[in-house]
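Read through the structure below, which is laid out as structure tokens, and then see the notes.
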Amino acid sequence: MTMKKVAIVGASGYSGEELVRLLLNHPQAELVAVTSRQYAGQTLAQIFPRFANHPKAKSLRFTEPNAELLAKQADIVFLALPHGVAAEYAVPLLNGGCTVIDLSADFRLRSATVYKDFYAHDHPAPDLLPKAIYGLPEVYREQIKTSQLIASPGCYPTSILLPVIPLLRAKLIKSAGIIADSLSGVSGAGRKAELDYLFVECNESVRPYGVPKHRHLSEIEQELSLAAGTDVTIQFTPHLIPVNRGILTTLYLAPEKHFSTADEAKALNEKITACYHAAYANEPFVRLLDGKAFPDTKNVVSTNICEIAWRLDPRTGRLIVMSAEDNLVKGASGQAVQSMNIHCGWPETAGLI
């Protein structure tokens, strides 16, 4: 099986570190370059001692990011950079013939106008937006196979889109009135020294943020609208919780058909179960919890798995759907590697199990 040379731009952040972990041990990918302005000249072993025993850790050094040089070194380049910065590297890398997998938000949206509305500046490369494929493998697998520019979804969107898209497509729920409450570990904020994310500020504390217009709403509503065939607006409240990693999302949905009796509830639940199994029974990284179990972050941390469970509430007439994932793996780096596997024609689980 053909090996591919891969590089990571922005390898010193949490998502970058997770990419390093996955790619160092990937059976078909050879990690040939990692960039970081802060750590240029230092080895992987020096910056990430956890990898010190890997054969490449003492020889592979961080370099200054240089798109033209990376295009000569690598076949595939992962961009683990802030939004607004990633696009600056994507353009020369694509021109150099690389496949680019971007973990930022720069290419997730189809509209430059929506991007400006949510990110407060003009899109740095609007001409590339029509060429980018939203890298949610369970939804866009066929398009990922042939795309040279893959926009890997955000962590919150993944935890919402995977549970909701099949239900919208099957017209089992109403597209209006969707409510999503999500709780995320502190690593979701990135590796940065800011007051709000210091241990003393986060520990023993839970707080909402990004209300009422979190940036991820833009891609969530875009993808839900495509699934529903009509414009979808949702209520989304993210919360910061005092754990390192993991996201738990609870969704409150209105079934398309009202149920009032036990028989009606049973019939609807059977349709929902059938819908989820049709969508995900053969998916390697979606775990459906049909029984009494609920999603639990401890069961998905450090994995590329998204757990999904659902319950009908006869008192309110609502469908409650819950999901759990690791924000750094299925919500970021693992999903990006999953897209690489699909794009390269490798087993989708390569390097992820």
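Need one number: nm distance between label points at THR233 and ALA262, each 7 Å from Cα along Cα→Cβ, rounded to one decimal.
In this crude spin-label approximation the distance works out to 4.1 nm.
Using a ≥ b ≥ c from the Cα gyration tensor of the chain (square roots of the eigenvalues), is it rounded, prolate or oblate, where a/c under 1.5 gives rounded and otherwise the larger of a/b and b/c decides, a/b for prolate?
Numbers: a/c = 1.72, a/b = 1.64, b/c = 1.05.
Verdict is prolate for the chain.
Which whole-percent values make up P(r) of segment 156-327 when all C-alpha to C-alpha distances are grouped in 5 Å steps starting at zero?
Each 5 Å bin holds this share of Cα pairs: 1, 8, 17, 20, 20, 15, 10, 5, 2, 1, 0.
Please tell me which of these pairs span more than 25 angstrom C-alpha to C-alpha: LYS72/LYS145; LYS58/LYS145; LYS271/LYS292; LYS266/LYS298? Don't jump to the answer; show the numbers that get you there.
Numbers: LYS72/LYS145 22 Å; LYS58/LYS145 34 Å; LYS271/LYS292 18 Å; LYS266/LYS298 30 Å.
Cα-Cα > 25 Å for LYS58/LYS145; LYS266/LYS298; rest within.
Based on alpha-carbon centroids, what's the gap between segment 151-214 and segment 51-92 in Å, whole number please?
28
May I ask you to compute the full-extension gain from ARG215 to ILE320, defined as 0.36 nm times their residue separation minus their alpha-carbon distance, rounded to one decimal in nm?
Details: separation 105, 0.36 × 105 = 37.80 nm, distance 2.39 nm.
Working it through step by step, the gained length comes to 35.4 nm.
For ARG287, which sequence-distant residues (separation of 5 or more, or a different chain) have an amide H within less than 5 Å of its own amide H, given hydrogens modelled in the peptide plane?
CYS306, GLU307, ILE308
With labels modelled as points extended 7 Å from the Cα through the Cβ direction, what inter-label distance (nm, one decimal) is found for ALA120 paired with ARG141?
Roughly 4.0 nm, to one decimal.
Distance between the C-alpha centers of segment 103-145 and segment 334-349? Whole Å please.
About 19 Å separates the Cα centre of segment 103-145 from the one of segment 334-349.
Order of ILE165, ILE178 from fewest to most other C-beta atoms within 10 Å?
On the way: ILE165 19, ILE178 24.
By the 10 Å Cβ count, ascending: ILE165, ILE178.
Sort THR303, THR63, THR113 so the one with the fewest other Cβ atoms within 10 Å of its own Cβ comes first. Provide the component values of the computation, followed by the final result.
On the way: THR303 17, THR63 20, THR113 10.
Exposure proxy ranking, most exposed first: THR113, THR303, THR63.
For the residues VAL91, VAL337, what sequence is obtained by ranking on other C-beta atoms within 10 Å, fewest first? Don't jump to the answer; show the numbers that get you there.
Numbers: VAL91 15, VAL337 26.
The order, fewest Cβ neighbours first, is VAL91, VAL337.
Pull out a ≥ b ≥ c, the square roots of the eigenvalues of the alpha-carbon gyration tensor of segment 4-131, then state rounded if a/c is under 1.5, prolate if not and a/b is larger than b/c, and oblate in the remaining case. List each step's numbers first, then the result.
On the way: a/c = 2.27, a/b = 1.87, b/c = 1.22.
Prolate.
Give the whole-number value, in cubic angstrom per residue, of the convex hull volume spanned by the C-alpha atoms of segment 33-85.
Numbers: hull volume 5.2 nm³, N = 53.
Taking the convex hull of the Cα positions in segment 33-85, it is 97 Å³ per residue.
Each reported figure results from applying straightforward, stated rules to the coordinates on display, with no laboratory input. Not measured: the values here are computed from a predicted model. A quick note on method: Cβ atoms are made from the backbone with ideal geometry, for glycine too, and the neighbour counts reach across all protein chains shown.
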